[in-house]
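Shown next, in structure tokens, is the structure this report addresses.
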Amino acid sequence: MNYLSLLIPFAYLGILLTSLATFSSLYRKRKARSSSPPTLSPIPGKSNEPTNHFPFPVPEKSLSLSPYFPAHTARDIYLSLLHLSDHDGSAAKVPDSLLRAALLARCTEDIHRIVHIRTRKQALNTLLKRGCVGDEIWQRLLRAEAELELEVKDCVQEANAFSPNWGTTIFQSANEMANNDMLKQRLEGIFASLPAEKREWERRRQRMREGFLRELEAGAEKGTAAESRKESLAATAAAGRGSSDEDAVLVEKGGEAAASSNIGAGGGGGAGGGGKGKKKKGKK
């Protein structure tokens, strides 16, 4: 057998796959280097820093990935209200109560994102170890976690700027608001599904009612069949008793007739015997 003819196709496939893998890795590296890293929204009191300034080192590959969360609308609203003032000073100043409410809404959104990351990080790490997901999703999650740490620190500083030591309790209030929002969403989902649940329950109750009616009808039919069976058995028993009484009467009548005939025959024989005796006495 010529093993060389079998070795050539396998060698060709190996070279082809190796070249494709090398080209793919080089292309991804060049694309990651050429793409510019995205920037966060400006933070009040700070310069517009690039997003790669994190508290801990983040791989350069994660900077070119799309963000894990959508745009932070609550933060953008708070920053817009904070900087909403005319250069001439003719516009009215935004009240502090409105700014506090916007900051609480921003912290509430941060709480939702923190819970989202905490609930999915462990499962995503397990899937990454098993090879079910790629490394890009993990890098996006790490980047979102780093951004959230900066966001929390900035919210605490903003709260302390409004009133001292408010930064220590603002996230507790935001947590209560987040729990209230989650409860409202659950209640809205329950109320939204209430008509469908009512219709389903009506169908089930109708089916149960029909099943009970069928069982009652079947029981009534069985009862009527049992009663008719009892009546037929009683009728046959009564008919059997009547025929046995008639047979007994016939037997009794036949016995009386035979007895009377025997008695008559016995009387006649006695009479004949008496006559013979008389004749014998006359001869003597």
Q.
Which condition from (1) of a type outside the set (Lys, Arg); (2) open to solvent by less than 60 Å² (accessible area, probe 1.4 Å); (3) at pLDDT below 75 is the one that Ala239 breaks?
A. (2)
Q) Among the residues of region 11-21, is any open to solvent by less than 70 Å² (accessible area, probe 1.4 Å), part of a loop (DSSP other than H, G, I, E, B) and either at pLDDT 80 or above or on the phi < 0 side of the Ramachandran plot (or both)? A) no
(Q) Can you pull out every residue in region 115-174 that is under 19 Å from Tyr78 (Cα atoms) and of a type in the set (D, E, K, R)? (A) Glu147, Glu149, Glu151, Lys153, Asp154, Glu158
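Considering each of Val133, Val156, Val115 in turn, give the residue that is open to solvent by less than 50 Å² (accessible area, probe 1.4 Å), of a type in the set (Val, Ile, Thr) and either touching a Ser or Thr at 6+ places or on another chain (Cβ under 8 Å) or under 30 Å from Ser97 (Cβ atoms) (or both). Steps first, please.
Working: Val133 fails: either touching a Ser or Thr at 6+ places or on another chain (Cβ under 8 Å) or under 30 Å from Ser97 (Cβ atoms) (or both); Val115 fails: open to solvent by less than 50 Å² (accessible area, probe 1.4 Å).
Testing whether each residue is open to solvent by less than 50 Å² (accessible area, probe 1.4 Å), of a type in the set (Val, Ile, Thr) and either touching a Ser or Thr at 6+ places or on another chain (Cβ under 8 Å) or under 30 Å from Ser97 (Cβ atoms) (or both) leaves just Val156.
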Q | Residue check for Arg203: modelled with pLDDT of 80 or more, out of contact with any Asp or Glu (no Cβ under 6 Å at 6 or more places or on another chain) and assigned to a helix (DSSP H, G or I) | A | yes
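Would it be correct to say that Ala144 is of a type in the set (Gly, Ala, Ser) and touching a residue at least 40 places away in the same chain (Cβ under 8 Å)?
Details: of a type in the set (Gly, Ala, Ser): yes; touching a residue at least 40 places away in the same chain (Cβ under 8 Å): yes.
Judged against the criteria, Ala144 is a match.
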Q: For Ser62, work out the one condition from (1) assigned to a helix (DSSP H, G or I); (2) at pLDDT below 85; (3) within 22 Å of Ala174 (Cα to Cα) it doesn't fulfil.
A: (3)
Q: Go over the candidates Ala71, Ala91 one by one and state the one that is modelled with pLDDT of 85 or more and either out of contact with any Asp or Glu (no Cβ under 8 Å at 6 or more places or on another chain) or surrounded by 15 or more Cβ atoms within 10 Å (Cβ to Cβ) (or both).
A: Ala71
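The values are calculated or read from the model by the stated rules, or taken from the named source; none is laboratory data. The shown structure was predicted, so the numbers you read here are calculated from the model rather than taken from an experiment. Quick reminder, even Gly has a Cβ in these numbers, built from the backbone with ideal geometry, and neighbours come from all protein chains shown. Just so you know, the surface numbers come from the protein's heavy atoms only, side chains and all, with ligands and any DNA or RNA stripped out. Shrake-Rupley method; radii C 1.70, N 1.55, O 1.52, S 1.80 Å.
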